[in-house]
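Trainee: I have a structure I would like to understand better, so I am pasting it below and will then ask my questions one at a time.
The values are calculated or read from the model by the stated rules, or taken from the named source; none is laboratory data. Remember, predicted model here, so these are calculated numbers, not experimental data. When we count neighbours, we look across all protein chains shown, and the Cβ atoms used for this are built from the backbone with ideal geometry, even at glycine.
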Amino acid sequence: MIYRKAGKFRLEEIVKQWMVVPLTVVMLVQPLWGADLPVPGPLVPVTPVVVDPELSALQARVAEFERTPRLTASELAGRNRKLLSDLAGQVRIQRQTMADFSGFVTWLSDSLDGYNKYLQASALAANLLKVLPIPYAGQASLFTKFAAQGVVSLNTTSAAITKYLGTSQLFLSRVEALEKSSPASPAEISALARFADEHLLKETADVQTRLASTGDLSISVLGFLEGVNGYLGSADQYWAKTKAFVSRNEDAAKEKGYLSTSIVGLRDRASSFTKRLQTFKDLSQKNDPLVRTVRVYDALANELAAPAVAGK
């Protein structure tokens, strides 16, 4: 309120009145609308961003690389062509050992038959003449079962060798045709990559497993013959009485040192077989990552070629 005193306006009273009234109004109204309003925090100084020109250039180059592939589908196909040729070279080396493997399988199969006939004749002598320890007859009977199972296993190995030779020869023939063609067909390269992965590797692994089984069989036969040889000794009386029970066609079985000679021969051939098998395994270990790389390149080449085909 503005009023007079002694006929004069009192300035200080007017100022007090106008200062009290707005403050009172604010104090009454503030709880109604100010409770839900956010309280501003302290001001934080903003640091200006400094742009690194070199970093920006590098980011631009990375973005460009992502947009534009550095390798084309034809370049990847060319790399696959080279890798397939390298694989063919290793397959040729592996195939060279197959003749030796096949010969060993055939020899071992024939030897099992000969050992079986020999032991059966010896067992008959042991039973009739009682010149050998009783366990020997049981050993001969066990070997008959063992030999029968061994022949089945060797036949399976022989079939695996034949299948591998056919598959690997087909692969080599297709690679040779690919090397002569100019330009090479990307479709044939892709098909040959799948063939190597789905067929060649599979047949290689199968024949390797079967050959390893044959190696184990030869070691078992060797151990069995060495055990039997311990029963037999070299008694002249035994050999004189056993000759009549051995077939006339088994000339080797008539010799006194037949079993000992067979053990030495089997040991030497089994050792050579094991070394060649290890070489085959080493090459197979190199083939696997090579084929995997070919398949990865093939997948990338197909992916890069797809947009080009779709755009036509």
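Trainee: Among the residues of region 165-219, write down those that are small (G, A, S), closer than 21 Å to K281 by Cα and over 24 Å from the mean Cα position of the chain (by Cα).
Mentor: The answer is S218, and nothing else.
Trainee: Still on this model: Pick from region 48-70 the residues that are in a loop (DSSP other than H, G, I, E, B) and closer than 30 Å to N302 by Cβ: which of them is modelled with the highest pLDDT?
Mentor: R70
Trainee: State yes or no: is T162 in a helix (DSSP H, G or I) and modelled with pLDDT of 95 or more?
Mentor: yes
Trainee: Kindly provide the set of residues from region 72-119 that are within 19 Å of K145 (Cα to Cα), without any contact (Cβ under 8 Å) to a residue 40 or more places away in the chain and either crowded, with 16+ Cβ neighbours inside 10 Å or among the basic types (K, R) (or both), ordered by number.
Mentor: The one that is within 19 Å of K145 (Cα to Cα), without any contact (Cβ under 8 Å) to a residue 40 or more places away in the chain and either crowded, with 16+ Cβ neighbours inside 10 Å or among the basic types (K, R) (or both): N116.
Trainee: Only residues in region 275-297 that are more than 19 Å from Q96 (Cβ to Cβ) count as the first member; pair them with residues that are part of a helix (DSSP H, G or I) and hydroxyl-bearing (S, T, Y), Cβ under 8 angstrom, at least 6 apart or cross-chain, and list the lot.
Mentor: Here the result reads none, with nothing in region 275-297 linked to a residue that is part of a helix (DSSP H, G or I) and hydroxyl-bearing (S, T, Y).
Trainee: Please verify whether region 183-190 includes one or more residues that are touching a residue at least 40 places away in the same chain (Cβ under 8 Å), surrounded by fewer than 17 Cβ atoms within 10 Å (Cβ to Cβ) and not hydrophobic (A, V, I, L, M, F, W, C).
Mentor: Within region 183-190, none of the residues are touching a residue at least 40 places away in the same chain (Cβ under 8 Å), surrounded by fewer than 17 Cβ atoms within 10 Å (Cβ to Cβ) and not hydrophobic (A, V, I, L, M, F, W, C).
Trainee: Another one. Given the criteria closer than 17 Å to V291 by Cα and either at pLDDT 95 or above or in a helix (DSSP H, G or I) (or both), does I93 qualify?
Mentor: Criteria met by I93.
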